[in-house]
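Participant: Next up is a structure, given as structure tokens.
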Amino acid sequence: MKAKNWRSLERPYTRVDYIAGAPQPRIAKYTAGTYSDDYEYELSLVAKEDVQIRDVSLESARVALTKYLSSKLGEANYFAELKAHPHHVLRENKLIFGAHADRLQEGMRRAFGKPVGRAARVLRGSTVFKVLVRENGLEAAKEALDLASKKLPKSYQIVIRKIEKKAAA
């Protein structure tokens, strides 16, 4: 099946306890960089519309984001976090077409489908990635989030928020 078949939201299928053979999410890490309290800006990649994002797309975007930020800023000057988690299990009713496939096909009988992957259900206005940087890394973080958004389906916007420092007591 093509990737565009999984973009639109469908009924959630998330109870992994009851799903035999549900695949593990293909996301290696959810955070990258070094967390610190002295970051000045928080940049978020926010979905403009409801979308379902496959785990391989999230991992591809995460790798592109962290590789770009590491090369431009270094590991100690940013903190990136993947906020969307692929809970939804994708199913596919596989049909075999072509010569001599007539004996293997079941058609619509038991068409519920077998688990083939995972996806994150992201609603409009939800954050997919969050990046914390200092002022000198603001432009690099914008470029990195733009690069990551090109690896994901549908469209996203980058929201920049200045982090308020708490007054010392």
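Participant: Within the stretch 12-24, take every residue that is closer than 14 Å to residue 87 by Cβ and not aliphatic (A, V, I, L, M) and give me the one that is surrounded by the fewest Cβ atoms within 10 Å (Cβ to Cβ).
Facilitator: Once the filter is applied, the top-ranked residue is 17.
Participant: Take residue 37 and tell me if it is at pLDDT below 95 and either part of a helix (DSSP H, G or I) or aromatic (Phe, Trp, Tyr) (or both).
Facilitator: Spelling it out, it is not the case that residue 37 is at pLDDT below 95 and either part of a helix (DSSP H, G or I) or aromatic (Phe, Trp, Tyr) (or both).
Participant: Further question: Report whether or not residue 49 is farther than 25 Å from residue 136 by Cβ, at pLDDT 95 or above and either in a loop (DSSP other than H, G, I, E, B) or of a type in the set (A, V, I, L, M, F, W, C) (or both).
Facilitator: yes
Participant: Might you check whether a residue that is surrounded by 17 or more Cβ atoms within 10 Å (Cβ to Cβ), within 18 Å of residue 75 (Cα to Cα) and in contact (Cβ under 8 Å) with a residue 60 or more places away in the chain occurs anywhere in the stretch 145-156?
Facilitator: yes
Participant: Right, something else. Among (1) surrounded by 20 or more Cβ atoms within 10 Å (Cβ to Cβ); (2) in contact with a Ser or Thr (Cβ under 9 Å, 6 or more places away or on another chain); (3) not polar (S, T, N, Q), where does residue 79 come up short?
Facilitator: Condition (1) is where residue 79 drops out.
Participant: Also, quick follow-up: Taking the stated definitions as given, is residue 24 polar (S, T, N, Q), under 15 Å from the mean Cα position of the chain (by Cα), within 22 Å of residue 116 (Cα to Cα) and not in a strand (DSSP E or B)?
Facilitator: yes
Participant: Sticking with this one: Restricting to the stretch 25-41, count the residues that are touching a residue at least 12 places away in the same chain (Cβ under 8 Å) and surrounded by fewer than 14 Cβ atoms within 10 Å (Cβ to Cβ).
Facilitator: Total satisfying the criteria: 7.
The values are calculated or read from the model by the stated rules, or taken from the named source; none is laboratory data. In this text, all values refer to a predicted model and were calculated from it rather than measured experimentally. Every residue, glycine among them, receives a Cβ derived from its backbone with ideal geometry; neighbour counts consider all protein chains shown.
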